[in-house]
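In what follows, a single structure is set out as C-alpha cells and then discussed.
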Amino acid sequence: MYKVGLTGGIGSGKSTVAELLNIRGVAIYDSDSRAKELMNGNEALREALIAAFGAECYTDAGLNRAWLAERVFGNKAELERLNAIVHPAVMRDFAAWAEAQEGDYVVLESAILLEAGLEEHVDVVVAVMAPKDIRLERAMQRDGASREQIEERMRNQMSDDERTDRAKYAVVNIDIEELEEDVEQLHRRLCYDSKPRNNRYTE
C-alpha cells in the first residue's frame, strides 16, 4: 500500500485537507487520535508507560493526560522518552491498518510527522500551509486560546519553510474553493505516484 504523510503547523488546515481526501475515498489514519486510543487500550503500551513514568500515568478513568503532559512539558529528555515509547507503537498500528485498506493510497495525518522522524514510515510527504495571520485566527477560534498562546505553540513547531523543503508536495490552504481544486489535483497526482511502473528503457 502506498503511504502518504500529511502534515502542517497549527491552524494550517491539515485536517480539512484530510477530510477532502477522505471524501474522495482515501482512508485517513489520524495519528493523534489513534495514539490516545492506544495509550488507553493497548496493554503493552500501558505497561511501558507505567514502567517509565510511574503509576500516576493512569487513573481509574484511563490515561492521566494532564499529569503526563505536565511531566514532559518543557523537559526535552522526558518528552523524547515518551515519544520513544508511543511512536513505535503507533507506527506498528499504522502499518497493520494500512495493509488492511483498499484504494490507491492511504494517508497518515500527523502534526509532528517530520519533527518525530515519522516520514520514514511513508512513501511521500505532503505539507499544508497558510499565512501566519490566517493560522492564528483559525487556531484561536478553534481552541479558544489567546494570540500569545498560539504564537508560543507556533514557535515550538517547525517553520513552514523547513516543512516544505522536506515535503514532496505542498498545498496552500487559504480559500476553500481553491483548496478543493488543489486537493483534486493532489489526489490525481498521488494516485499516479502510487501505481507501480516499469522504468526499464525499451526501443
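The values are calculated or read from the model by the stated rules, or taken from the named source; none is laboratory data. The shown structure was predicted, so the numbers you read here are calculated from the model rather than taken from an experiment. Positions of Cβ are backbone-derived with ideal geometry, glycine not excepted, and every protein chain shown enters the neighbour counts. Accessible surface areas use protein heavy atoms only, side chains included; no ligands, DNA or RNA. Shrake-Rupley method; radii C 1.70, N 1.55, O 1.52, S 1.80 Å.
Couple of notes before you dig in:
- Candidate set from region 109-118 (those that are closer than 16 Å to Asp160 by Cα and in contact (Cβ under 8 Å) with a residue 60 or more places away in the chain); member that is farthest from the chain's Cα centre (by Cα): Leu114
- Selection of region 146-173 for residues being out of contact with any strand residue (DSSP E or B) (no Cβ under 7 Å at 6 or more places or on another chain) and either open to solvent by 90 Å² or more (accessible area, probe 1.4 Å) or at pLDDT 95 or above (or both) yields Arg147, Glu148, Gln149, Arg153, Arg155, Asn156, Asp161, Asp165.
- From the options Ala61, Ala66, Ala51, residue that is more than 23 Å from Gly117 (Cα to Cα), more than 20 Å from the chain's Cα centre (by Cα), open to solvent by 70 Å² or more (accessible area, probe 1.4 Å) and at pLDDT 90 or above: Ala51
- Region 82-119 - residue that is acidic (Asp, Glu) and over 22 Å from Cys57 (Cβ atoms) and, of those, modelled with the lowest pLDDT: Glu115
- Among the residues of region 119-139, just one is without any contact (Cβ under 8 Å) to a residue 40 or more places away in the chain and within 27 Å of Glu47 (Cα to Cα), namely Glu120.
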